[in-house]
Amino acid sequence: MAWAFRRDLVPETLKTPVLLALTLVAYVVPNLLMHEAGLIGATVFGIALANRHVPDLGELRRFKEALVVLLVSCLFIVLTADLDLGVLGKLSLPILALTAAVLFAVRPAAIWLATLGSDLSRRERLFVGWIGPRGIVAAAVAGLAGPRLSEAGYAGGDLIQPTVFAVIVATVILHGFSLGPLVRRLGLSTAAETQRLAVVGASPWASDMVIALHRAGVPVVLIDTYPGALQSARAAGVPTLQAELMSRHAEEGLADHPLNHMLAATRDELYNALVCTRLAPRSAASASTNSRRRRTTSCTRTRALAGIPAARFSVMANSTSMP
């Protein structure tokens, strides 16, 4: 498969369907040979796919994310449709107390013990200890195990479903609504209100400038297509991104680093202007989505600075104003 993909023997529009079909084959064939072996077969296929470095997997990942959302949503509907309303009537104070214990005692204690000796800060450990919404796996196991335990005569088997669904609902609501405020309260946010500078073009002077800014505490990221040019910045601990900035890969890489300002400092003047012109509207939209303030974006072209071996620069900046 990797051989066929590298030689473009598979049409671009068929690559994702081919990979999806092979995934289903990897699940069905082992299942025919041994019951429940399909999960292992699909897992091994995924490991092999990742390590074979098959080209053009980005499109498959995006398709997979959309497919997962669709399937999980449908599965939740199927599981809740099979849920008897009488089960909800079995909610009691002990079940609610167990739910509270899971949220406020069991998970925080487990995370605290598991992260002892790690490089996580106290604020990060507190955040991980609180955020842990339960979802489709717990619901599926409860829907399968609960009725079977009841049929086998185990006392309390009929309480598994209401207990698990109570935990799911409580964690989704409480963790979902408290995630943003808690991140901001603990100072762990990397959202768009953080003023971040991206420098495109890892020339020696640009690398030195980025390292100096990083040491001064300025959030900055250095972007270049050549890995060797990023080596000195990486050694200094500066966040870097090896990608062509006009590509989809770069868009995905920048998702974790929302940009407020950009300095395009490659030797190609037209490329510098093109980068800022293309990214400016998107950066402004991202900034306005993550902030209550009104932001405007401008692109400016300036001539070369004295002593710096670059033809021209293009600068993208977001200006912030209150509504």
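Worth a mention:
- Here, region 92-164 has an Rg and a Dmax of 15.6, 47 Å when only alpha carbons are counted.
- Ranked by how many other Cβ atoms sit within 10 Å of their own Cβ, fewest first, the residues LYS90, LYS15 fall in the order LYS90, LYS15.
- Less than 5 angstrom separates the built amide H of VAL220 from those of LEU197, all sequence-distant by 5 or more or on a different chain.
- Cα-projected label distance for LEU98 with HIS53, points at 7 Å along beta-carbon direction, nm: 5.0
- Lys/Arg +1, Asp/Glu -1 at C-beta; region 2-81 dipole; positive extreme among ASN51, ILE77, GLY41: ASN51
- Computed extension length for TYR226-ARG185: 10.9 nm, one decimal, from 0.36 nm per residue of separation with the Cα-Cα distance subtracted.
- Under the shape rule built on the C-alpha gyration tensor, where the axes satisfy a ≥ b ≥ c, region 12-147 is oblate, since a/c reaches at least 1.5 while a/b does not exceed b/c.
- What the phi angles of region 226-235 give under the Karplus curve with 6.51, -1.76 and 1.60, with θ = phi - 60°, is a coupling list of 9, x, x, 5, 8, 5, 5, 5, 4, 5 Hz, glycine and proline written as x.
- Cα-based shape type of region 2-81, given that a ≥ b ≥ c are square roots of the gyration tensor eigenvalues and the cut on a/c is 1.5: oblate
Values in this text are rule-based calculations from the coordinates and carry no lab data. Small disclaimer: the values here were computed from a predicted structure and weren't measured. With ideal geometry, Cβ positions are generated from the backbone for all residues, glycine too; neighbour counts draw on all protein chains shown.
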